[in-house]
1. Looking at (1) open to solvent by 30 Å² or more (accessible area, probe 1.4 Å); (2) in contact with an Asp or Glu (Cβ under 6 Å, 6 or more places away or on another chain), which is the only condition A:Gly88 fails?
2. Looking at region A:192-210, I want the residues that are under 17 Å from A:Pro122 (Cβ atoms) and have a partner that is open to solvent by 40 Å² or more (accessible area, probe 1.4 Å) and in a loop (DSSP other than H, G, I, E, B) with Cβ atoms under 6 Å, at least 6 apart or on another chain. Which pairs are those?
3. I need the full set of residues from region A:177-190 which are open to solvent by 10 Å² or more (accessible area, probe 1.4 Å), free of Cβ contacts under 8 Å to residues at least 40 places away in the same chain and out of contact with any Phe, Trp or Tyr (no Cβ under 6 Å at 6 or more places or on another chain), in order please.
4. If you go through region B:191-228 one residue at a time, how many are open to solvent by 30 Å² or more (accessible area, probe 1.4 Å) and touching a strand residue (DSSP E or B) at 6+ places or on another chain (Cβ under 6 Å)?
5. Between a first residue in region A:153-173 that is at the interface with another protein chain (Cβ under 10 Å from one of its Cβ atoms) and over 14 Å from A:Asp240 (Cβ atoms) and a second residue that is in a helix (DSSP H, G or I) and aromatic (Phe, Trp, Tyr), which pairs have beta carbons less than 9 Å apart while being 6 or more apart in sequence or on different chains?
6. From the set of residues in region A:243-259 that are outside any loop (DSSP other than H, G, I, E, B), more than 9 Å from every other protein chain (Cβ to nearest Cβ) and open to solvent by less than 60 Å² (accessible area, probe 1.4 Å), which is farthest from B:Arg179 (Cα to Cα)?
7. Return the residue satisfying two criteria in turn: it lies in region A:125-152 and is of a type in the set (Gly, Ala, Ser) and free of Cβ contacts under 8 Å to residues at least 24 places away in the same chain, and of such residues it is farthest from A:Ile18 (Cα to Cα).
8. Residues that are β-branched (Val, Ile, Thr) and assigned to a loop (DSSP other than H, G, I, E, B): does region B:61-72 have at least one?
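The values are calculated or read from the model by the stated rules, or taken from the named source; none is laboratory data. Since the structure is predicted, the reported quantities are computational estimates derived from the model, not experimental observations. Note: ideal-geometry Cβ built from the backbone for every residue, glycine included; neighbour counts use all protein chains shown. With ligands, DNA and RNA removed, areas are computed over all heavy atoms of the protein, side chains included. Shrake-Rupley method; radii C 1.70, N 1.55, O 1.52, S 1.80 Å.
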2 protein chains.
Amino acid sequence: VQEIRERGLRVESVDGDIALADVSVHDRPDTVPPVDVVIVATKTTGNADLAATLRPLVGPGSVVAMFQNGLGVEEQAEAVAPEAVVLGGLCFVCAFQVGPGHIRHVDYGAVTVAEHRTDGTPAGSTEAVDRLVADLQAAGVRADAQPDLVLARWKKLVWNIPYNGLSVVLDAETDDLMRADATRGLVHDLMREVQAGAASQGRVIDDAFVDRMLTDTEAMTPYRTSMRLDFDQHRPLELDAIYRTPLSRAEAAGASMPRTDALCRQLSFLDARNRR
Amino acid sequence: VQEIRERGLRVESVDGDIALADVSVHDRPDTVPPVDVVIVATKTTGNADLAATLRPLVGPGSVVAMFQNGLGVEEQAEAVAPEAVVLGGLCFVCAFQVGPGHIRHVDYGAVTVAEHRTDGTPAGSTEAVDRLVADLQAAGVRADAQPDLVLARWKKLVWNIPYNGLSVVLDAETDDLMRADATRGLVHDLMREVQAGAASQGRVIDDAFVDRMLTDTEAMTPYRTSMRLDFDQHRPLELDAIYRTPLSRAEAAGASMPRTDALCRQLSFLDARNRR
């Protein structure tokens with residue numbers, strides 16, 4: 001916070017560098033001026049603090065947009081801010097923090113937004129989503145609206161479940177995993193399990209989407225996943241949102257994700273040891 | 001070889017230390033005097049040399065006993081020495097080489113012997129097995145005869161498949177794996193898959209056996225598995241015998257071992273990188 005206040009925010013981006021000298025920064029929610037939209041862009045592992053963060057910021061008509069990974073995060077926002085409209089945001093971006101106030105953006109950059117429904121049904125086109133997408137686009141962000149948050153979240157898991165986990169367990173970057181037949185096949189197997197998990201929730205992800213994830217990743221700038229970066233920094237891994245909640249929802253619906261479960265158990269072991 | 005010729009063989013054992021000053025050592029098969037029984041106790045990863053090693057040593061009536069891990073090793077011996085009686089030996093022992101001519105034996109020490117049949121059926125009680133077991137017992141080795149080599153080999157895989165692989169992927173000893181709920185559950189899941197693999201080959205391994213493997217391992221001296229030691233020394237891992245052959249036999253018989261397959265793929269990746 002101090003660094004950004006004094007020197008601003010610096011983003012080295014494949015789309016052109018950005019330097020913002022004057023940024024409004026707050027490190028506690030009660031000093032933030034009134035806002036229409038709260039974008040929660042922290043790690044899910046900090047969601048225990050969500051109530052304390054959101055309570056001073058939201059009221060009737062507020063929009064809370066969860067720009068996080070995995071499943072169950074909108075339910076957490078809804079539980080602490082029931083009067084707000086809760087959206088989910090899916091960030092398709094390869095970026096990481098180089099140092100305080102200094103971000104490097106290496107690939108992609110789109111955001112998908114969809115509205116959360118308590119009963120898990122697709123919200124369709126909504127005013128809150130359309131307005132946030134328009135604001136993001138006006139700010140130069142490639143943003144699109146989606147009618148079904150649950151489908152969008154499972155589709156993102158098709159990438160996150162194999163690559164995040166294997167990058168930690170095998171200490172590998174995406175290109176390493178794609179180059180070896182053994183791990184390329186395992187990535188594909190894990191993606192098929194996520195497809196089965198989505199199907200158990202009534203969401204169809206077709207094979208062409210899975211194939212595109214594989215070929216897109218092969219074409220991608222070699223990348224150290226966010227979970228691997230968390231592991232390297234001895235930070236907690238996002239296992240609840242990315243693995244345990246999807247696994248328990250799929251299991252409750254009778255779907256089998258044995259390789260995903262095995263990977264989650266390996267990650268649980270490594271995460272506990274890594275933080276000791 | 002030179003070290004053993006000059007200083008003999010030293011075994012530090014939980015059952016009492018042994019020092020053999022005068023050991024008959026050969027480093028090529030054609031200098032070995034005539035033998036009745038050849039015990040092959042090398043890693044399976046060296047079995048490409050089996051023909052060159054066995055040809056000078058075996059003839060009609062010879063016995064070749066494969067004291068190795070995994071599946072398919074008797075078939076390899078049979079292919080290069082069709083005139084020999086081929087036995088399988090299963091070593092239940094925690095031991096490792098400290099240095100040249102210097103072994104440390106930390107736990108267990110039994111050997112199970114059974115005869116190989118080309119068609120994979122149980123050989124039952126055979127003269128070759130009974131004689132080798134009697135010789136081993138006379139030498140102070142706890143040895144027993146088993147009627148069904150395939151069953152005995154799958155039972156040993158119940159231990160080897162989870163512990164060898166996870167010890168490499170997670171850099172963990174047996175007690176680490178058993179202490180954490182996540183990995184203890186994964187070990188159990190992998191054991192159940194080996195049970196299913198054995199069942200696909202017409203071999204019944206009951207739940208009580210699996211439970212005993214778990215509790216025995218908990219009671220065991222914490223142990224760095226042989227596969228982990230191989231990995232640490234940048235030696236090739238025994239993936240064909242312990243993983244790929246069991247997986248392909250189970251798959252051919254319609255059995256599913258998804259966690260084992262995932263673990264094998266992880267090991268393939270790590271093994272290739274580790275030997276580069």
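1. (1)
2. As it stands, the answer is A:Ser200/A:Ala253, since those pairs meet every condition given.
3. Correct list: A:Arg179, A:Asp181, A:Arg184, A:Gly185, A:His188.
4. Residues flagged as open to solvent by 30 Å² or more (accessible area, probe 1.4 Å) and touching a strand residue (DSSP E or B) at 6+ places or on another chain (Cβ under 6 Å) within region B:191-228 amount to 1.
5. Taking only residues 6 or more apart or on different chains, the pairs are A:Leu166/B:Phe269; A:Leu170/B:Phe269; A:Asp171/A:Phe231; A:Ala172/B:Phe269.
6. Selected residue: A:Ala250.
7. A:Ser125
8. Checked region B:61-72: no residue is β-branched (Val, Ile, Thr) and assigned to a loop (DSSP other than H, G, I, E, B).
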